[in-house]
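A short write-up of the structure that comes next.
The values are calculated or read from the model by the stated rules, or taken from the named source; none is laboratory data. Remember, predicted model here, so these are calculated numbers, not experimental data. Here Cβ is always computed from backbone atoms with ideal geometry, including for glycine, and neighbour counts include all displayed protein chains. To get the accessible areas, we keep the full protein, side chains included, count just its heavy atoms, and leave off ligands, DNA and RNA. Shrake-Rupley method; radii C 1.70, N 1.55, O 1.52, S 1.80 Å.
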Amino acid sequence: MTTEASHPLYVPLRPEPFPTAPMPAPPIPAPPVPTAPFRAGPVPAAPFRAGPVPAAPFRAGPVPAAPFRAGPVPAPAAPAAPVPALRLPPDRLRDAVLAGAGAVALLWGVQARPSARLDALFATGAHLTGLLAGYGVLVLLLLMARVPAVEHGVGADRLARWHALGGRYVLGLIGAHALLALCGYAVHTHTDLVTATGDLLAYGAIAAATAGTALFAAVGITSARAVRSRVRHETWRAVHLGALLAAALGFVHQLAGPDLAGSLLTRWLWSMAHGTVAVLLLWYRLVVPVRAALRHDLRVVEVRDEGPGVVSVLVRGRGVARLCAEPGQFFRWRFLRRGLWATALPFSLSAPVRDDTLRITVKALGDHTRRIRRLRPGTRVLASGPFGALTAHRRTRRKVLLLAGGVGITPMRALFETLPGGPGDVTLLYRASNESGLVLREELEAIARERQAALHFLLGRSDDSYDPLAPRALRDLVPDLAAHDVYLCGPPAMAKAATANLIRAGVPASRIHSEDFDHA
């Protein structure tokens, strides 16, 4: 463990005032600051009181007449590069995927020949399910290609959930295609299913498709919740890489099928779609991370204890601002030392980027996270990202509530410092079982004093009779709760319960922004 003098990341900087150019309206008077944080449990001897700083009070800029939409605030010590503006909203991606499925169904419909014969009905169903399955595989690969516009607009956790849900549909379509094709061939040749299976496997394209189906089935089995918890992450990842080979084998089968073989234009379009997805996968999953590693030369400069089982890791490199990392985002970190190099771990930034330095704060929850506390200065780091959409870009209201649980405080701490706002505009609720579970407490208190922001520590066990995140308790802490945007990060069970309570307390679901790192 290394200790050094205080790093600039540990000195909260004064937030920037609102931009003044597009905001002609007069400023809103500051609401009263809470005099003491709420605690569900034993009250500490010296409660924190968020109040104004006499020496240099924070002054908000003019308020816009229209709903305020914030962007990332550059750190004064090292202004960040402009953030790419291209973000694909979730609804547009969903519409595009559905439109593509409709186009595939239209392709099938144009070529379908109505017939009442049983073998023809089986064959027609096999053609439709096969085309949709092939298209579905392309969509699944695209969702996991880590294209920045998609990642930043939709969010890594939502993409992962869509990928998991889509995988179930694709496996169902593949199974239906195989069964319908087998039944159609058996009826057409007047043979039994076993004989028909042997005859079909004699065709090279069908044998390739069968091998691809087996690989897809292995991916689906290892992704099932009951199996995933018992399989090492490295094993699960290796099996998932087999899906790339399965997709290639499926592509060979599709080109030999009657739906594509009969039209040169259709074959060209289908091949271009597969080629485009392959290029995106290769570029963003391999070329971009390797290029970033060579360009930025990231290395560990310090590992610092933050509390029981919690450490902060500071990573410094060259031209880090060009990564365009925003508060609230995360990277997938690969530390090049024994026991860690083979796994890319998702951790949020726990402070804004400044002085070419990135900081993450990690709690020891497993073998990999326990090894992080033993990192030494100079350890080389490969960081892929930034990823995630839990940023200021999602903000739609002037007032913001940040709600964190446990080590989920890390992205909230970065947002707490950087989200623009005047006194009372930003509130942070931090849920923990006891005082020892409060990570980065001193930094949070310093930011609250500097910004005149409201800060509440909600202490108590999750099985206590009183729930500080119940709808009424939330409204008592934040009287105008329904007028807030809410950013939420915490353990899955806590986040799920908090989301339900926020909705019951009057916050629209569209204004509750969260990311689940179990899916990231």
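Inside segment 190-286, counting only helices (runs of 4 or more DSSP H) that do not spill past its ends, which hold 1 or more residues that are surrounded by 14 or more Cβ atoms within 10 Å (Cβ to Cβ)?
Output list reads 193-201, 204-223, 233-256, 258-261, 264-282.
Tell me whether segment 329-352 contains one or more residues that are open to solvent by less than 40 Å² (accessible area, probe 1.4 Å), at pLDDT 90 or above and among the β-branched types (Val, Ile, Thr).
no
In the set VAL170, VAL97, which member is aliphatic (A, V, I, L, M) and either touching a residue at least 60 places away in the same chain (Cβ under 8 Å) or open to solvent by 20 Å² or more (accessible area, probe 1.4 Å) (or both)?
VAL97
When ILE360 is evaluated against the numbered criteria (1) open to solvent by 10 Å² or more (accessible area, probe 1.4 Å); (2) at pLDDT 90 or above; (3) assigned to a strand (DSSP E or B), which criterion, by number, is the only one it fails?
(1)
Give the residues of segment 145-161 that are surrounded by fewer than 21 Cβ atoms within 10 Å (Cβ to Cβ) and without any contact (Cβ under 8 Å) to a residue 40 or more places away in the chain, sorted by residue number.
Correct list: empty.
Among (1) buried (at least 23 other Cβ atoms within 10 Å of the Cβ); (2) under 27 Å from ASP157 (Cα atoms), where does GLY422 come up short?
(2)
Against the condition open to solvent by 50 Å² or more (accessible area, probe 1.4 Å), under 18 Å from ALA247 (Cβ atoms) and not basic (Lys, Arg), how does ALA164 come out, does it pass?
no
If we scan segment 410-421, do we find a residue that is among the hydrophobic types (A, V, I, L, M, F, W, C) and either free of Cβ contacts under 8 Å to residues at least 60 places away in the same chain or on the phi > 0 side of the Ramachandran plot (or both)? Spell out the reasoning first.
Just the residues of segment 410-421 that are among the hydrophobic types (A, V, I, L, M, F, W, C), to begin with: 412, 414-416, 419.
Within this subset, residues satisfying the condition of being either free of Cβ contacts under 8 Å to residues at least 60 places away in the same chain or on the phi > 0 side of the Ramachandran plot (or both) are 416.
Yes: segment 410-421 contains one or more residues that are among the hydrophobic types (A, V, I, L, M, F, W, C) and either free of Cβ contacts under 8 Å to residues at least 60 places away in the same chain or on the phi > 0 side of the Ramachandran plot (or both).
May I ask you to verify whether GLU443 is in a helix (DSSP H, G or I), open to solvent by less than 30 Å² (accessible area, probe 1.4 Å) and touching a Lys or Arg at 6+ places or on another chain (Cβ under 9 Å)?
Yes: the conditions hold for GLU443.
Under 6 Å by Cβ, and 6 or more places apart or on different chains, what pairs join a residue from segment 436-453 that is on the phi > 0 side of the Ramachandran plot with one that is surrounded by fewer than 24 Cβ atoms within 10 Å (Cβ to Cβ)?
Pairs found: GLN452/VAL33; GLN452/PRO52; GLN452/PHE58; GLN452/PRO423.
Tell me, which residue of segment 315-328 that is touching an Asp or Glu at 6+ places or on another chain (Cβ under 6 Å) and outside any loop (DSSP other than H, G, I, E, B) is modelled with the lowest pLDDT?
VAL320
State whether one or more residues within segment 448-464 are open to solvent by 10 Å² or more (accessible area, probe 1.4 Å), over 27 Å from SER312 (Cβ atoms) and charged (D, E, K, R).
Yes, segment 448-464 contains at least one residue that is open to solvent by 10 Å² or more (accessible area, probe 1.4 Å), over 27 Å from SER312 (Cβ atoms) and charged (D, E, K, R).
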